[in-house]
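The values are calculated or read from the model by the stated rules, or taken from the named source; none is laboratory data. On a predicted model such as this, the values are computed, not experimentally measured, just so you know. Virtual Cβ from ideal backbone geometry, glycine too; neighbours counted across all protein chains shown.
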Amino acid sequence: MFNSSATWQLLYPIINTNPHFQLWAYELKLTYHNLNSRVKDKVIIVTGANSALGIGRASAHLFAASGAQALYLCDLNDSNLPTHKRELAALYPDTKVHTEKLDATNEEQVAAVCEAAIKQYGRLDIMFANAGVANGVRLHELSGEAFMENVKINLLSVFLCAKYASQAMMVTSKGKPYPGGSIIGTASVAGIRSNAGGSDYSAGKAGVVSLAQTISYQLAGTGVRMNAICPGLIETGMTSAMFEMARSRGSEGKIGQLNPLRRAAVADEVARVALFLGSDESSYVNGQAWAVDGGLSAGK
């Protein structure tokens, strides 16, 4: 770690005698500082955070490693949230971690967690609306009720998070003198191209892309941005059964062969994009759908 005095004492005799090493050390230390302060002091809510393999958990670790002041980890299934909290507390003691059993389609509960952030910290900076489901049911076997339930979880949850988070992000305080914030909705490559998901899942995720576009305009002048992330094939709790089945058949190497990178992703690769979109580094990125799909959506 570059903030370790022991490390610098060891390197100092070498660095101090060579100007090239001095420049290298300065740039390296500056890079390390920047990477570890990308969301410094920000208060962040992550929905869909329970899965041990999920994008929510991976993002929470990156947010904490990058200087977040506080994290609210939320999920209707909260079985893993205490474990996530212990991990984060051990690795990043400067970040306060709260866990909430939360139904992201429940308007009162979403409003309450946003209000809690304001009451406890006087600010909300990032909302990662990541809750989602997929059922893999074929068209003629899918009931209207099941279709609407899937759309409700994948789309309504993002709308509610955007509605209440944007209001909270406009609250100012001593620690946050100007309004602003970043809302990120988890869509999917299935929301921007065909043949990447079922009809219910794809419709909901296409709606998330549309929300990012329309809400970014509805929030014009507030300093609050909204974007969507569109992951491709990725191993998470939601897709783990498919990956395990492929491993049992010895065909794991065939997963992801349709994209130019010819592999599936892991949660951390999507979480890195969430970190960028949540940080001020993306301050001029608004109303966009970011494909994180190995290049799949670049094809026909």
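Evaluate region 169-188: report whether one residue or more is in a helix (DSSP H, G or I) and surrounded by fewer than 24 Cβ atoms within 10 Å (Cβ to Cβ).
Looking for residues that are in a helix (DSSP H, G or I) and surrounded by fewer than 24 Cβ atoms within 10 Å (Cβ to Cβ), one finds none in region 169-188, hence no.
Can you name every residue in region 274-295 that is in a helix (DSSP H, G or I) and either surrounded by 21 or more Cβ atoms within 10 Å (Cβ to Cβ) or of a type in the set (Gly, Ala, Ser) (or both)?
In the first step, residues of region 274-295 are kept if they are in a helix (DSSP H, G or I); the result is 274-278, 280-282.
Of everything in region 274-295, those that are in a helix (DSSP H, G or I) and either surrounded by 21 or more Cβ atoms within 10 Å (Cβ to Cβ) or of a type in the set (Gly, Ala, Ser) (or both) turn out to be ALA274, LEU275, LEU277, GLY278, SER282.
Tell me, which residue of region 129-142 that is in a loop (DSSP other than H, G, I, E, B) and modelled with pLDDT under 95 is surrounded by the most Cβ atoms within 10 Å (Cβ to Cβ)? Give the derivation first.
Just the residues of region 129-142 that are in a loop (DSSP other than H, G, I, E, B), to begin with: 130-138, 142.
Then drop every residue that is not modelled with pLDDT under 95, which leaves 132-138, 142.
On the way: GLY132: 28, VAL133: 16, ALA134: 20, ASN135: 13, GLY136: 13, VAL137: 16, ARG138: 8, LEU142: 16.
By that ranking, first place goes to GLY132.
Given the residues ASP293, ASP280, which is the only one that is modelled with pLDDT of 95 or more and out of contact with any Asp or Glu (no Cβ under 9 Å at 6 or more places or on another chain)? It would help to see each step written out before you state the result.
On the way: ASP293 fails: modelled with pLDDT of 95 or more.
None of the others qualify; the one that does is ASP280.
What pairs can you find where one residue is in region 62-75 and in contact (Cβ under 8 Å) with a residue 60 or more places away in the chain and in the same structural domain as ALA165 (by TED's automatic domain parsing), the other is among the basic types (Lys, Arg) and not in a strand (DSSP E or B), and their Cβ atoms are less than 8 Å apart, with a gap of 6+ or different chains?
These pairs meet every condition: LEU62/ARG272; PHE63/LYS42; SER66/ARG38; SER66/LYS40.
Find the residue count for region 254-300, including only residues that are more than 25 Å from ALA64 (Cα to Cα) and of a type in the set (Val, Ile, Thr).
1
Is it true that LEU124 is surrounded by fewer than 24 Cβ atoms within 10 Å (Cβ to Cβ) and in the same structural domain as LEU53 (by TED's automatic domain parsing)?
Against the criterion (surrounded by fewer than 24 Cβ atoms within 10 Å (Cβ to Cβ) and in the same structural domain as LEU53 (by TED's automatic domain parsing)), LEU124 does not qualify.
Contact list please: Cβ distance under 7 Å, first residue in region 263-278 and more than 14 Å from ALA129 (Cα to Cα) and touching a residue at least 12 places away in the same chain (Cβ under 8 Å), second residue of a type in the set (Ser, Thr, Tyr) and buried (at least 20 other Cβ atoms within 10 Å of the Cβ), pairs at least six apart or on different chains.
Here the result reads ALA267/THR236, each pair linking region 263-278 to a residue that is of a type in the set (Ser, Thr, Tyr) and buried (at least 20 other Cβ atoms within 10 Å of the Cβ).
Report yes if some residue within region 219-230 is in contact with an Asp or Glu (Cβ under 8 Å, 6 or more places away or on another chain) and in a strand (DSSP E or B); otherwise report no.
Taking every residue of region 219-230 in turn, at least one turns out to be in contact with an Asp or Glu (Cβ under 8 Å, 6 or more places away or on another chain) and in a strand (DSSP E or B).
Could you tell me whether any residue of region 193-202 is touching a strand residue (DSSP E or B) at 6+ places or on another chain (Cβ under 6 Å) and either crowded, with 17+ Cβ neighbours inside 10 Å or aliphatic (A, V, I, L, M) (or both)?
Looking for residues that are touching a strand residue (DSSP E or B) at 6+ places or on another chain (Cβ under 6 Å) and either crowded, with 17+ Cβ neighbours inside 10 Å or aliphatic (A, V, I, L, M) (or both), one finds none in region 193-202, hence no.
Does region 146-159 contain any residue that is at pLDDT 95 or above, surrounded by 14 or more Cβ atoms within 10 Å (Cβ to Cβ) and touching a strand residue (DSSP E or B) at 6+ places or on another chain (Cβ under 7 Å)?
yes
As an exercise: evaluate GLY136 against (1) within 17 Å of ILE153 (Cβ to Cβ); (2) touching a helix residue (DSSP H, G or I) at 6+ places or on another chain (Cβ under 7 Å) and give the number of the one condition it does not meet.
(2)
Give just the number: which of (1) in contact with a Phe, Trp or Tyr (Cβ under 8 Å, 6 or more places away or on another chain); (2) surrounded by fewer than 24 Cβ atoms within 10 Å (Cβ to Cβ); (3) closer than 18 Å to VAL270 by Cα; (4) among the polar types (S, T, N, Q) does ASN50 not satisfy?
Single failed check for ASN50: (1).
If a residue counts only when it is at pLDDT 95 or above, which helices (runs of 4 or more DSSP H) contained entirely in region 1-103 have at least 3 such residues?
Counting at least 3 such residues, we get 55-65, 81-91.
Considering only region 189-226, how many residues are among the polar types (S, T, N, Q) and under 13 Å from ALA289 (Cβ atoms)?
So the first thing to find is which residues in region 189-226 are among the polar types (S, T, N, Q), and the list is 194-195, 199, 202, 210, 213-214, 216, 218, 222.
With the extra rule that they be under 13 Å from ALA289 (Cβ atoms), the set shrinks to 210, 213-214, 216.
Residues flagged as among the polar types (S, T, N, Q) and under 13 Å from ALA289 (Cβ atoms) within region 189-226 amount to 4.
One residue is enough: does region 138-145 have a residue meeting the conditions within 17 Å of the chain's Cα centre (by Cα) and over 21 Å from ASP41 (Cβ atoms)?
Among the residues of region 138-145, not one is within 17 Å of the chain's Cα centre (by Cα) and over 21 Å from ASP41 (Cβ atoms), which makes the answer no.
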